[in-house]
1. For the stretch 113-166, give me the residue count where each residue is hydroxyl-bearing (Ser, Thr, Tyr) and not in a strand (DSSP E or B).
2. Being touching a strand residue (DSSP E or B) at 6+ places or on another chain (Cβ under 9 Å) and in a strand (DSSP E or B) is the filter; apply it to the stretch 167-180 and report the residue that is surrounded by the most Cβ atoms within 10 Å (Cβ to Cβ).
3. Of the residues in the stretch 139-155, how many are under 32 Å from the mean Cα position of the chain (by Cα) and surrounded by 15 or more Cβ atoms within 10 Å (Cβ to Cβ)?
4. So, in the stretch 90-138, of the ones that are β-branched (Val, Ile, Thr) and more than 30 Å from residue 70 (Cβ to Cβ), which residue ends up farthest from the chain's Cα centre (by Cα)?
Amino acid sequence: MNASMIKGVVIGSAAAVVIAAGAVTGYENYASGRYAEVVAVDEIREKIRTPHEECRDIPVRSQAPVQDQNRIAGTVIGGVVGGLLGNQIGRGNGHTLATVAGVAAGGYAGNTIQKQMQSNDTVTRTEHQCTTRYSVSERVTGYDVTYRVDNQIGHVRMGEKPGKRIPLKDGKPEIESVNG
């Protein structure tokens, strides 16, 4: 073997070792990737209001329907009673005047009494009433993550809780960020 051939084999072998070492290192970096260390994780919580309907039957009182809107019965009965009482008083023209006054006063009193009785006459019915109520719950919508790469601190918002490390791509966390 000549010297140049030996030189070629040595240089070729050295080059092969360097290329192989670079390939192994590159593969290790590719296979293991580069990672950021997770320093802190804070949950992002959202309050959720869920509507639901609550219904119940409640008694409702109202004025009973009035049969005699003009209170004719009370006026007539009061007038008759007033007239009979007025007829018992006085003599002559005074007797007639007392009877007429009794009819008028009795009619007014009968009308007023019937009005009061009608306003106090109530009916109760059951009414089904519903209201919307809200229950409040919380859910985790994402995570604020603090990470470290080469002694530099960074922050990112993530949709899923990370483990102890985050893969990097071009020096930045390789994740899908959550807007917030």
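Since every read-out is calculated from the coordinates, none of them should be taken as a lab result. Computed from a predicted structure; not experimentally measured. In this analysis, Cβ positions are derived from the backbone assuming ideal geometry, glycine residues included, and neighbour counts consider all displayed protein chains.
1. Of the stretch 113-166, the ones hydroxyl-bearing (Ser, Thr, Tyr) are 119, 122, 124, 126, 131-132, 134-135, 137, 141, 143, 146-147.
If we keep only those that are not in a strand (DSSP E or B) as well, we get 119.
Total meeting the criteria: 1.
2. Going through the stretch 167-180, the residues touching a strand residue (DSSP E or B) at 6+ places or on another chain (Cβ under 9 Å) turn out to be 167-168, 171-180.
Pick out the ones that are also in a strand (DSSP E or B) and you get 167-168, 172-173, 177.
Details: 167: 13, 168: 16, 172: 12, 173: 22, 177: 12.
Ranking the candidates gives 173 first.
3. To start, the set of residues in the stretch 139-155 that are under 32 Å from the mean Cα position of the chain (by Cα) comprises 139-145.
Retained after the next criterion (residues that are surrounded by 15 or more Cβ atoms within 10 Å (Cβ to Cβ)): 142-145.
So the answer is 4.
4. Narrowing the stretch 90-138 to residues β-branched (Val, Ile, Thr): 96, 99-100, 103, 112-113, 122-124, 126, 131-132, 136.
The next check asks that each one be more than 30 Å from residue 70 (Cβ to Cβ); those that pass are 126, 131-132, 136.
Working: 126: 28, 131: 12, 132: 9, 136: 7 Å.
Restricting to residues being β-branched (Val, Ile, Thr) and more than 30 Å from residue 70 (Cβ to Cβ), the top hit is 126.
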